[in-house]
Every structure is written in C-alpha cells, then in structure tokens.
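Peer 1: Handing you a structure now.
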C-alpha cells in the first residue's frame, strides 16, 4: 500500500552558521555557537542569550535574506 510520507534529513550545522527558524517556540534568528552529535547551542543575535537544546533542526530551504530579520 502506498501512502504519502514526509522525508526529513537532519540539518548539518557548524559554529558560526546563521539560521532562521520559521515557526514553533524557538522561531526567529539564531547563530550556532556549538554543535555535537546530540546537542545544539544557539545564540540570539539581539539579546545575546544562549540556549542548548537536543538537536532538532531540519532543512526546509536555503535563501539569502536580511539577518537578523527586522
């Protein structure tokens, strides 16, 4: 039986990468400060606050845009 499925691939990130999370509780602009196999540390470019979370990012698209967004 065929079914419609969504294929996700974990996004490979490196310190210094700038990302924009489109939705959810972590939405907004972030800079990657550390990454390992299990965790990701992100810094807010406005407040400078850093947070470490279990890896959760998946690539939707890549584009050139204003960062941080105004």
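Peer 1: Under a plain spin-label model, where a point goes 7 Å from the Cα along Cα-to-Cβ, how far apart in nm are residue 52 and residue 14?
Peer 2: Placing both labels 7 Å along Cα→Cβ, they lie 2.2 nm apart.
Peer 1: Put a dot 7 Å past each Cα toward the Cβ at residue 63 and residue 41; how far apart are the dots in nm?
Peer 2: So the two model labels end up 3.2 nm from each other.
Peer 1: Then there is this: Identify which of 12, 37, 50 has the largest mean-square fluctuation in a Gaussian network model of the chain, with springs joining Cα atoms closer than 10 Å.
Peer 2: Of 12, 37, 50, the Gaussian network model singles out 37 as fluctuating most.
Peer 1: Continuing with the same structure: What's the exposure ranking of 32, 46, going from fewest to most Cβ atoms within 10 Å? Intermediate values should be presented prior to the final figure.
Peer 2: Details: 32 17, 46 9.
Lowest count first: 46, 32.
Peer 1: FRET efficiency for residue 33 and residue 5, Cβ-Cβ distance as r, R0 = 25 Å, nearest 0.05? Could the numbers behind the result be given before it?
Peer 2: Working: r = 34 Å, r/R0 = 1.35.
Efficiency, rounded to the nearest 0.05: 0.15.
Any read-out appearing in this document is the output of simple, stated calculations on the displayed coordinates, not a laboratory observation. These figures come from a predicted structure and were not determined experimentally. Reconstructed Cβ throughout: ideal geometry from the backbone, glycine too, with neighbour counts over all protein chains shown.
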